[in-house]
1. May I ask you to sort Leu129, Leu101, Leu423 by Cβ crowding, counting other Cβ atoms within 10 Å and putting the fewest first?
2. For the chain, set up a GNM with springs between Cα atoms under 10 Å and report which of Asp361, Asp206, Asp391 has the largest fluctuation.
3. Just from its helices, what would the mean residue ellipticity at 222 nm be for the chain, if runs of 4 or more DSSP H residues each count -39500 (n - 2.57) and the sum is divided by every residue, rounded to the nearest 500 deg cm²/dmol?
4. Pairs of Cα atoms under 8 Å, at least six residues apart: use those to get the relative contact order of the range 204-309, whole percent.
5. Would you mind calculating the relative contact order of the range 8-431 from Cα pairs under 8 angstrom and at least 6 residues apart, reporting the percent as a whole number?
6. Quick check on the exposure proxy: order Phe323, Phe151 from fewest to most C-beta atoms within 10 angstrom.
7. Restricting to Cα pairs below 8 Å that are 6+ residues apart, what does the relative contact order work out to for the range 89-181? Please round to a whole percent.
8. With the cut-off at 1.5 for a/c, could you classify the range 89-181 from its C-alpha gyration tensor as rounded, prolate or oblate?
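Values quoted throughout were computed directly from the atomic coordinates according to the rules given, and no laboratory measurement underlies them. Here the structure is a predicted model, which is why all the values come from computation and not from measurement. A quick note on method: Cβ atoms are made from the backbone with ideal geometry, for glycine too, and the neighbour counts reach across all protein chains shown.
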Amino acid sequence: MKSHLTCLGVASLLFFWRDAVAVTGAGSPADDFVAYQEKYPWTVSRELIAHGVPGSVPETIIDEALVPAYTLPDLFVSQSGQSIATAVAWEGQRRKELLGLFETEVFGHAPPKPAKMAFEWVDRDPEALEGKATLRLMAVTLQVGQGTFRFRFTLVTPNHRAGKSPVFLFLNYRGISSIHTKGPIEGVSWPVAYALERGYAMAALDLSEEVDPDKPNATTGLRAFYRKNFPRPEELTWGTLSSWAWAASRVVDCLVTIPDIDPGKIAIVGHSRAGKTALWAGAQDERIALVVPNNPGDGGPTIVRRRFGNTIEVMTRRNPHWFTAKYATYAHRENSMPIDQHMLVALVAPRGYHSGDGSEDLWHDPRGSWISLVEASKVWSLYGAAKALHDPMPWVNDLLIDGPIAYHLRAGGHGLMLFDWKLYLDHADHFFGRE
């Protein structure tokens, strides 16, 4: 990697990053955890159900008593009817089969990793956070056909750490400005100073501004670039979430080359639609050691057959660009799908997985997320990496850890809070064998 003198726009952006990262160092995180000290069993009040969910449609189900009967497809029976009874058979047959089904039915087919790709830091501050960290603005440049595509991400590494740092790659979709401020900004939080104090490097990629616009029929961005320059564009059925996940893997390509980063301790985290993206990226890319989808809902780990909260019909009508076109055809006929989301979670096994939900976030179905992990945990058990999970759900504000897998249900609604980050880092400490 090399230094590169950049235009005023990039220099100004880095200045904004420096100022913002310094701001995140203010205050004590202990105050943010006080509200979550109480632990209690999760119940959904009739008042919350009666109040409804903003933006829902009349047929939205947020009452557990109204969930229709459903049968989940068997994790351990292949498409040909063959029983999968060992980790070797899972790895060699079933995992590949399920990856193919999620490509075809849900996320779409993405292109292969480009043969020509370059990384560079376009600006650098070695004395960020009062000398505690090094801040880099990194660039990933792809060459496909006669075209080049470039996107940037930010990396902050601790200066005073013995050895290589584990890193959390944060996927953001709210725009660059939302990453630069302390605390939650419309449900998104990037607590750089807190993570650095705990010995972690932090990377951040803005998906909608740097990779692919979050809108239908986008004429710019990664997918538009591939439509123009890829030799067989008709083969690419990827939606926006798949393009975001693909770009996240290109960031991983860069991270594993950086001497400050431990390539065996890369975690990926995203909130809401970026949580779906983090899960799809982690399902495919086995270099990602810990996969952290926060409040991801449908299209993430939540069981779609439950039809609880958000549904395939609502999601694909409002955001048709997120998925492959075929996914929308399963609206109102979820039981006909050959897969469900517990299979997506299972694709992470035997690596680390930690999902977090909000106790009042009924639109994103915390119960469906938990059921998905319970079913998927059988694959971790197949590997001998963890025990299979069972009901009841963990208490609100508690953290369940079983080796590589974890789950928590935070009090409150849809958001990525500092307390969520604390629990994700607690699990990472445990999983990565850190004090």
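1. Leu101, Leu129, Leu423
2. Between Asp361, Asp206, Asp391, it is Asp391 that shows the largest mean-square fluctuation.
3. -8500 deg cm²/dmol
4. Relative CO of the range 204-309 lands at 20 percent.
5. Over the range 8-431, the number comes to 18 percent.
6. Lowest count first: Phe151, Phe323.
7. So the answer I get is 18 percent.
8. Note, shape of the range 89-181 comes out prolate.
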